[in-house]
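Engineer: My structure is below; once you've seen it, I'll send some questions.
The values are calculated or read from the model by the stated rules, or taken from the named source; none is laboratory data. Please read all numbers here as calculations on a predicted model, not as lab measurements. As a convention, Cβ positions derive from the backbone with ideal geometry for all residues, glycine included, and neighbour counts pool all protein chains shown.
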Amino acid sequence: MRDMQDEFGVSFNYLRAWRGKEAALNILRRDDAESYKVNHVYPDAAFGICVQHLAANLKTRYKDFKGPLKTYFDGASRSYLLSEFHHHMESIRGLNPDMHRYLVEADPTKWSRAYFNGRRYAIMKTNIAESFNNVDRKARLMPVGFLVEWLRALLQRWPISNGM
């Protein structure tokens, strides 16, 4: 905010900046539910569910999500072979049929390696935040306006340089 004041002579507080950002995001995504519908904007894009967030949801939803259930879920999400995936899912079904149903409804093509049909680029192999932390170290020192422009350029360049 100080950068904007120094550079453009505009004065505002944090709440006003936050509301402006939220208003802009709502214009872009129309509403919260719409923001999850990636395919209408990028029809050829591969979309996945973060396994860590799915595991956090399972932990909240199912109190017995520990020990063997967690081990089988980790195995199902990380296995490359369909036979391995199905073995882990059957084990989950035997221990907790409701969790099995939840995982099937979450669509394994979105969270399991065995079913994921999208290409995995270098930026998808680890947490996206970790990837950004590695490339934006010098950019963090930039004023906000320049930082946003640098990030925009990076996000346009990144898929091309990773073989998209």
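Engineer: If you scan the range 90-114, which residues turn out to be within 23 Å of the chain's Cα centre (by Cα) and surrounded by 14 or more Cβ atoms within 10 Å (Cβ to Cβ)? Before the answer, list the steps.
Structural biologist: Of the range 90-114, the ones within 23 Å of the chain's Cα centre (by Cα) are 99-114.
Across the range 90-114, the qualifying residues are 99, 100, 102, 103, 106, 108, 109, 110, 111, 112, 113, 114.
Engineer: Please enumerate the residues belonging to the range 125-134 that are out of contact with any helix residue (DSSP H, G or I) (no Cβ under 7 Å at 6 or more places or on another chain) and either at pLDDT 80 or above or assigned to a helix (DSSP H, G or I) (or both).
Structural biologist: Of everything in the range 125-134, those that are out of contact with any helix residue (DSSP H, G or I) (no Cβ under 7 Å at 6 or more places or on another chain) and either at pLDDT 80 or above or assigned to a helix (DSSP H, G or I) (or both) turn out to be 128, 129, 130, 132, 133, 134.
Engineer: Output the residues belonging to the range 133-152 that are within 15 Å of residue 8 (Cβ to Cβ) and either touching a residue at least 12 places away in the same chain (Cβ under 8 Å) or among the hydroxyl-bearing types (Ser, Thr, Tyr) (or both).
Structural biologist: Matches in the range 133-152: 143, 144, 145.
Engineer: Assess whether residue 107 counts as being within 13 Å of residue 49 (Cα to Cα) and modelled with pLDDT of 85 or more.
Structural biologist: Considered against the rule, which asks whether it is within 13 Å of residue 49 (Cα to Cα) and modelled with pLDDT of 85 or more, residue 107 comes out as yes.
Engineer: Being at pLDDT 70 or above, within 22 Å of residue 3 (Cα to Cα) and in a loop (DSSP other than H, G, I, E, B) narrows it down to one of 152, 113, 137, so name that one. Working first, answer last.
Structural biologist: Details: 152 fails: in a loop (DSSP other than H, G, I, E, B); 113 fails: within 22 Å of residue 3 (Cα to Cα).
Within the list 152, 113, 137, the selection yields 137.
Engineer: Has the range 65-84 got at least one residue that is at pLDDT below 75 and under 20 Å from the mean Cα position of the chain (by Cα)? Walk me through it before giving the result.
Structural biologist: Initial filter on the range 65-84 (at pLDDT below 75): none.
Checking the range 65-84: not a single residue is at pLDDT below 75 and under 20 Å from the mean Cα position of the chain (by Cα).
Engineer: Residues in the range 1-18 that are assigned to a helix (DSSP H, G or I) and surrounded by 12 or more Cβ atoms within 10 Å (Cβ to Cβ): how many? Quick ask: steps written out before the conclusion?
Structural biologist: Residues of the range 1-18 that are assigned to a helix (DSSP H, G or I), as a first pass: 2-8, 14-18.
Imposing the further condition that a residue be surrounded by 12 or more Cβ atoms within 10 Å (Cβ to Cβ) reduces the set to 3-4, 7, 17.
Result for the range 1-18: 4.
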